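Asks: Starting off with a structure, shown below.
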Amino acid sequence: MAKVIEALLAAMTLEEKIGQLTMAEGSGHGTTRDVQSAIREGRLGSLLNVHGSEIVRELQRLAIEETRLEIPLLFGLDVLHGHRTIFPIPLAEAAAFDPPLWEATARAAAAEASRDGIMLTFAPMLDLARDPRWGRIAESPGEDPLLGSRFASAKVRGFQGRSLSDPTSLAATAKHIGAYGAVTAGREYASGDLSERTLLELHLPAFKAAADAGVAAIMAAFTDIAGVPAHANVTLLRKTLRCAWGFEGVVISDYGAVAELVPHGVAADLAEAAALALTAGIDIDMMGDAYRRGLPAALARGLVGLEAVDAAVMRVLRLKERLGLFDEPYRGLSRDAPADDGLGRDLAREAARRSIVLLTNDGVLPLPPGLRRIAVVGPLADAARAMLGPWAAIGEGTDATTIADGLRLALPDCVVDVSAGVSIAGSDTHGIADACRIAETADIVVLCLGEDETMSGEAGSRAHPELPGAQRILAEAILDLGKPVVALIASGRPLIVPWLVERASAVLATWFLGQEAGHAIADVLIGAANPSGRLPVSWPRDVGQIPIFYAERPTGRPEIAANRFTSKYLDVPATPQFPFGHGLSYSRFVLSGLRSTTTEIRRGQHIEIAVDVTNEGPVAGEETVLFFIHDPVASVARPLLELKDFAKIRLRPGERGTVTFTLTSEAFIFAGRSLAPVLEVGEIELFVGKSADRGSLLRTSIRVIVAQDRLADQPVSVRSDPV
Ligand code: BGC
C-alpha cells in the first residue's frame, strides 16, 4: 500500500496535493455546491461537521467515483464526550480518576460516531487548566499533568481501539498542543507567556502520553507562547513532537488558525501564513483556506519547498490508509444500527454517577427513606439541554433526564415540587416567592444552581466564575428558611461559592453529567450510588486566588499565621476552598500503615509502596488513594507535592484492603537546571492520602543513591525558532 500512496503522490497536481491538506466544513445535513465541486475537482481532502450515513455516503461517492485520483475523503467531528449518547464533560469524567471508564466511554462514542460516517474525532482535549475563568477548562482533564497523561492514553485507546482499520474505531486528535490553557488571565484566545520548564513539565506530558499511545493526529492551539503562535512554532511541532517524540501522525490546524497567523502579527499575508504553518509542521489546514489560497504563492516566492507539501500529503494519505479508506471508503456506514439494548445509557449513567463529587455533607445525605415531600428548586432543576454541557456533538436535549425527573422516578412515594425561582443568568427575582413557597412545605430542598451549557467551553471565559444572574439571591432566600438544603452545582468549572459551602447542608459538584444526569444525581442523593468522584482541579474560594493549584513550589517564606512577612493574602486564606483530590463518600475510609519495600533506590530499580485502607463506614464504597512525592532538596526547587500515581479500591463496611504502588527510579527524574533530565542523590518524601491537602497525608521517605546527575536523554528544548 505504501507504493500505492507514493504512486498517487507522483500523479498529483499541486492543486490536488493542496486539496489533501485542506479541510472544509459542511453542515450536518447537506453541503453546498461549492463543497461538492471542490470534492469533484480534488480540492478537498477532508470535511468536518458532516455526519449521517446518507450525506457521508454521497460525498464519499463523489470523491471515489467522480475525481481523477479517487482518493477517499476523511470526515471529522468533535466527538468529545459522546456522539449521540452524551457522557459527562471531560472535566467531570476526570473526577472519576478511572482510566477503564475513560476508555469505555471513548470506545462507545467511537462505535456510535463511526456508524454515522465519522472517522476522525477532534478529541481528546488535553490542555492542562489551572484557571477556572477559562471556559475550556470544561473540556480538559484538569490541573495535573499525571492525571492528564492517564486520561490521554485511556482516551486514545478507547477512540482508536485495537486498530484504526476497525470500522468501529475513530482516529483520535490530541488537542490543542502549545499551552492553550495558559492564556493570560483566563481570557479565551489571549496570548500566553510561560517558561520552557512549565511547558515541558506541565503542558506537554499529556500530549507525550497521547503520542506514546499512538494517537493518529494532534491539533495545534489557537494561541501563542510569548509571541510565537503554536501554528508557527517549529521547535514545538517539529523538534519536540516529530523529532524528540517520534510522532508520525497528522498535525491538524485549529479552525481557521493558519490564516489567523496574519492577525497574530507574524505573517503579512496568506502566503506567509501558509509557509510558516507548513514549515512548522501543520499538515491539514482546517477551514482557513490559507493553504489553498496561500501555498501556491508561497512556493513561487520560495518561502517553502515542494518537499514540505509532499511530506504533509504523505502523512494525510497514510492516515487514510491506516483507516482502511482505500479498501473500504464507506467504512462504518454499512453496519446496521444496533438494537437499542440500553448499554449506552447504562454506561452514561455509570460514568455520570462516578463523576459526581460530594464536596460537603453534614449528614443530610444520603436522603433518608420515607421522605414525604421535597422541593427541587433553581434554574437547573428542570433543565435538560444544559445537562449535556458544551461540545455535545449531536446530543439532543430531549434525550437528557433533568434532575427533577430523576428524583421523581427515584422517589415514587414522595411528592416532588419543582420551581425554577430565577433563570440561569437573568435578573428577574419575581419567581423567588414561588420557590420559597414550595420549599417551606418540603422536608428537604434540593437547590439546583449553576451555569448553562454555553457559559463554558470555547469562548466561554468568565471574569467572575461564580453563580450567574440572581441565583445567589434565590439561594440565600431558600437558605434563610432554615430547611435542610442540598446544593447541586452544575458547571463547566469550579464556581466560587464560599457562602453556599458555609450554609448548605451538603454541596455537590455535578458539572455537566450528560444525558443521564438526572438519574445519576438521584442515584447519589438517595444512596443507590455511593459518591466516589474527586476534584481534578483545586476549587478556589476567591477569584483573587486564581490561578490556584496544588503543586506549588516552596517559597523562602512559607505562611506563618503570626508573621506578616510570609506568603499569604491579607484578605483571604491562601488555601483553596477544596483541594485537588477532595471528594467525600458515604463510607468512612481510614488510611494506615504506609510502608515501602526499601529505603534506598538506585537508577533502574523499583520500589513498592503499600498502604492499608479500611472502610469504617456503614456502606460499601470506593476510595481513591493518591500517591505524591516531594524532593525537598534539589538543584531546582521541586513542587511541594507531585502526583505520581493513583489507585482505587472497593471495600465493604468493616473491610480492610491494601493499595500498592510500584515506582521505578524514573519517577524521581526531573528537568534539571538546563532542562536536561536528572536523577539526583538524596531523600525523596513519599506521601499517600485522599487529597492534596498536605496536612492530611501519610508520609515516609526513601533515599536515591548512586544517581547519575545527567542522563543520556537529550533535553527537550522548546525555545521557538524563527522560520
Ligand atoms: C476548536 C477545536 C475544534 C474545532 C472544530 C475550534 O473552534 O478550538 O477544539 O476541534 O473548532 O470544531
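The values are calculated or read from the model by the stated rules, or taken from the named source; none is laboratory data. Everything quoted here is computed from the prediction, not taken from an experiment. Every residue, glycine as well, gets a Cβ built from its backbone with ideal geometry; the counts of neighbours run over all protein chains shown. Each accessible area value is taken on the protein alone, full model and side chains, heavy atoms only, with ligands, DNA and RNA left out. Shrake-Rupley method; radii C 1.70, N 1.55, O 1.52, S 1.80 Å.
Asks: Within region 421-464, track down each residue that is in contact with a strand residue (DSSP E or B) (Cβ under 8 Å, 6 or more places away or on another chain), crowded, with 21+ Cβ neighbours inside 10 Å, small (G, A, S) and assigned to a loop (DSSP other than H, G, I, E, B).
Replies: G421, A442
Asks: Quick one: in region 150-167, which of the residues that are among the charged types (D, E, K, R) and part of a loop (DSSP other than H, G, I, E, B) is nearest to the ligand (Cβ to nearest atom)?
Replies: For region 150-167, the residue satisfying everything is D166.
Asks: Looking at region 133-141, is at least one residue surrounded by fewer than 24 Cβ atoms within 10 Å (Cβ to Cβ) and in contact with a helix residue (DSSP H, G or I) (Cβ under 7 Å, 6 or more places away or on another chain)?
Replies: Scanning region 133-141, I find at least one residue that is surrounded by fewer than 24 Cβ atoms within 10 Å (Cβ to Cβ) and in contact with a helix residue (DSSP H, G or I) (Cβ under 7 Å, 6 or more places away or on another chain), so the answer is yes.
Asks: Further question on the same structure: Scan region 182-197 for residues that are surrounded by 14 or more Cβ atoms within 10 Å (Cβ to Cβ) and part of a helix (DSSP H, G or I) and jot them down.
Replies: A182, G186, E196, R197, listed by residue number.
Asks: Give region 510-533 a look and list any residue that's of a type outside the set (D, E) and part of a helix (DSSP H, G or I), or say none.
Replies: A517, G518, H519, A520, I521, A522, V524, L525, I526
Asks: In this structure, does L295 turn out to be away from the ligand (no atom under 16 Å from the Cβ), in the same structural domain as P484 (by the TED database) and open to solvent by less than 10 Å² (accessible area, probe 1.4 Å)?
Replies: It is false that L295 is away from the ligand (no atom under 16 Å from the Cβ), in the same structural domain as P484 (by the TED database) and open to solvent by less than 10 Å² (accessible area, probe 1.4 Å).
Asks: Can you tell me which of L147, L128 is within 16 Å of the ligand (Cβ to nearest atom) and either surrounded by 24 or more Cβ atoms within 10 Å (Cβ to Cβ) or on the phi > 0 side of the Ramachandran plot (or both)?
Replies: L128
Asks: A further question on this structure: Right, D523: of a type in the set (D, E, K, R) and either surrounded by fewer than 17 Cβ atoms within 10 Å (Cβ to Cβ) or within 25 Å of D131 (Cβ to Cβ) (or both) or not?
Replies: no
Asks: Would you be able to tell me the number of residues in region 66-89 that are open to solvent by less than 10 Å² (accessible area, probe 1.4 Å), closer than 23 Å to A386 by Cα and within 16 Å of the ligand (Cβ to nearest atom)?
Replies: 5
Asks: Let me ask something else about it. Tally the residues that are within 11 Å of the chain's Cα centre (by Cα) and assigned to a loop (DSSP other than H, G, I, E, B), restricting the search to region 87-106.
Replies: Number of matching residues: 3.
Asks: The conditions are (1) assigned to a loop (DSSP other than H, G, I, E, B); (2) open to solvent by 50 Å² or more (accessible area, probe 1.4 Å), and E476 fails exactly one of them. Which is it?
Replies: E476 satisfies every listed condition except (1).
Condition check ((1) over 26 Å from R130 (Cα atoms); (2) more than 15 Å from the ligand (Cβ to nearest atom); (3) surrounded by fewer than 22 Cβ atoms within 10 Å (Cβ to Cβ)) across all residues:
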| residue | (1), (2), (3) |
| --- | --- |
| A211 | no, yes, no |
| T223 | no, no, no |
| A259 | yes, no, no |
| A273 | yes, yes, no |
| G281 | yes, yes, no |
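Asks: Among the residues of region 191-203, write down those that are in contact with a Pro (Cβ under 8 Å, 6 or more places away or on another chain) and over 16 Å from W134 (Cβ atoms).
Replies: Matches in region 191-203: E201 only.
Asks: So V507 clears everything in (1) farther than 30 Å from K644 by Cβ; (2) not in a loop (DSSP other than H, G, I, E, B) except one condition, right? Which one?
Replies: Every condition holds for V507 apart from (1).
Asks: Same structure, new question: For residues that are open to solvent by less than 50 Å² (accessible area, probe 1.4 Å) and either aliphatic (A, V, I, L, M) or assigned to a loop (DSSP other than H, G, I, E, B) (or both), tally how many sit in region 240-257.
Replies: Count: 12.
Asks: Out of all the residues in region 42-65, is one or more more than 16 Å from the ligand (Cβ to nearest atom) and not assigned by the TED database to the domain that holds D283?
Replies: no
Asks: Here is a follow-up. Kindly indicate whether V501 is open to solvent by 10 Å² or more (accessible area, probe 1.4 Å), of a type in the set (V, I, T) and closer than 25 Å to L626 by Cβ.
Replies: Spelling it out, V501 is indeed open to solvent by 10 Å² or more (accessible area, probe 1.4 Å), of a type in the set (V, I, T) and closer than 25 Å to L626 by Cβ.
Asks: Determine which single condition D336 fails, assuming it passes every other condition in (1) at pLDDT 95 or above; (2) surrounded by fewer than 18 Cβ atoms within 10 Å (Cβ to Cβ); (3) within 19 Å of A109 (Cα to Cα).
Replies: Condition (1) is where D336 drops out.
Asks: Within region 600-616, how many residues are farther than 15 Å from K648 by Cβ and open to solvent by less than 10 Å² (accessible area, probe 1.4 Å)?
Replies: Selection size over region 600-616: 3.
Asks: Let me ask something else about it. For region 107-125, which positions are of a type in the set (G, A, S) and either under 12 Å from the mean Cα position of the chain (by Cα) or within 15 Å of the ligand (Cβ to nearest atom) (or both)?
Replies: Listed by number, the residues that qualify are A109, A113, A123.
Asks: Further, regarding this structure: Checking S592 against (1) in a strand (DSSP E or B); (2) surrounded by 17 or more Cβ atoms within 10 Å (Cβ to Cβ); (3) among the hydroxyl-bearing types (S, T, Y), which test does it fail?
Replies: (2)
Asks: Based on this model, can you work out whether L170 counts as open to solvent by less than 10 Å² (accessible area, probe 1.4 Å), closer than 26 Å to A312 by Cβ and away from the ligand (no atom under 16 Å from the Cβ)?
Replies: Criteria not met by L170.
Asks: Residues of region 546-570 being free of Cβ contacts under 8 Å to residues at least 12 places away in the same chain and out of contact with any strand residue (DSSP E or B) (no Cβ under 6 Å at 6 or more places or on another chain), which ones?
Replies: Answer for region 546-570, where residues must be free of Cβ contacts under 8 Å to residues at least 12 places away in the same chain and out of contact with any strand residue (DSSP E or B) (no Cβ under 6 Å at 6 or more places or on another chain): G556, R557, P558, I560, A561, A562, N563, R564, F565, K568, L570.
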